[in-house]
Amino acid sequence: MVTLLLDSSQLEVTLSGSERLLAFRRQNVDIPRSTIAKVQLTDDVWTWLRGVPSPGTHVRGVIAMGTRKSASSEDFVVVRGRRPGVVIDLEGHPDYQRIVLTTRHGLALVQALRLEVDGPAEDVADLVS
């Protein structure tokens, strides 16, 4: 499961080794806070996927990880099973228009983004507790 780290300037989606492999990605995904336009919680992240894996892994209803490209957008997804998740719409990000993640910390992320955070990046679940 991804770890979401937040500091005063950015949200970092930290990937495990297996997630990096399945997403065909060597680095974590850094999202400047200024590019986050909207955050939505969802019980069915599969309905939010658009485009085709390019590069990435996709097994329908089981796993979707990596970059997904469509005619008008490029999204980054880390989706496992039928778990609740979060959809982060971005404006002005150099690589992606949307981030779709399964996470049990979606509500904590929404609450943490409302906080003024000083110091080093912290897990969003720790910030709101």
With only helices counted (DSSP H, runs n ≥ 4, each -39500 (n - 2.57)), the per-residue ellipticity at 222 nm for the chain, to the nearest 500, works out to -4000 deg cm²/dmol
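Looking at the range 50-129, which GluC sites (Glu not before Pro) are in a loop (DSSP not H, G, I, E or B) and have at most 12 other Cβ atoms within 10 Å?
Loop-located and lightly packed - GLU91, GLU116.
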Mind ranking ARG83, ARG50, ARG98 by accessible surface for me, highest first, 1.4 Å probe? ARG83, ARG50, ARG98
Report, to one decimal in Å, the Kirkwood hydrodynamic radius for the chain based on all distinct Cα pairs. 14.6 Å
Using a 1.4 Å probe on the protein chains only, how many percent of the accessible area of the range 1-114 belongs to carbon and sulfur? 48 percent
The answer for the range 27-84, accessible area per residue at 1.4 Å probe in Å², is 53 Å²
Rounded to the nearest 10 Å², the 1.4 Å probe accessible area of LEU21 is 130 Å²
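The values are calculated or read from the model by the stated rules, or taken from the named source; none is laboratory data. Since we're looking at a predicted model, the values are computed, not measured. When we count neighbours, we look across all protein chains shown, and the Cβ atoms used for this are built from the backbone with ideal geometry, even at glycine. Only protein heavy atoms, including side chains, enter the accessible area calculation; ligands, DNA and RNA are left aside. Shrake-Rupley method; radii C 1.70, N 1.55, O 1.52, S 1.80 Å.
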